[in-house]
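A.B. asks: Questions regarding the structure given below will be posed in turn.
Bear in mind that the values in this text are calculations on the coordinates, not laboratory data. All values derive from a computational prediction rather than experimental measurement. For neighbour counting, all protein chains shown are included, and Cβ atoms are generated from backbone atoms with ideal geometry for every residue, glycine included.
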């Protein structure tokens, strides 16, 4: 074989080797791109799954209100209302004088806040007919956010001890924290909601969320709220 032919053969071998290396590089890039696409798909699926998990574990209660049990203060015996010593919004201590009916001094049953007062001095307070209340108070430590939840909107998932957050209309988007304190064992009286599609009645159950009133002293009895319960 002549030197010229040997040179051509060597050049051809180099060309083929170069083409083989380029093909290997393209194959490597294609595989890498495939793995990137797979990774993106996996991340997207996980992200969507995480969103579903979070939203699927949250129960929203729109119609809610901050409440505490009302404590009526009345005399033991009927008589004329002679004097009232408190006003709406006053904070009182246990056994603090509230009013005088006849010769009897009506006292606070516990420490708390006065929310209403009968200041009709001279009125006859008839305890026999249930018209003897001289004032009404609440114990702020018993404040709860109470929401009525439709039985078909996550009620079965809500448990006592579930963490919750809530907003209060008076304070815009500020978020407050609490914990589910009670889920009513029976439906609320008169709280039937009808489904438009088939007119089947839907019962509502009270869900109560406890919070620390010393941490949120701005929250008052009767304020409107919205609740989000994070179920386990």
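A.B. asks: If R₀ is 25 angstrom, what is the calculated FRET efficiency for the pair residue 171 and residue 62, using the beta carbon separation as r and rounding to 0.05? It would help to have the intermediate numbers written out before the result.
C.D. replies: Numbers: r = 17 Å, r/R0 = 0.67.
E(calc), rounded to 0.05, equals 0.90.
A.B. asks: Among 128, 91, 137, 223, which comes first, second and so on when ranked by fewest other beta-carbon atoms within 10 Å?
C.D. replies: Listed from fewest to most nearby Cβ atoms, that is 128, 91, 223, 137.
A.B. asks: Computed over the Cα atoms of the stretch 71-140, what is the convex hull's projected area averaged over all directions, in nm²? All intermediate terms of the calculation are to be shown ahead of the outcome.
C.D. replies: Details: hull surface 15.2 nm².
Computed as one quarter of the Cα hull surface, the answer is 3.8 nm².
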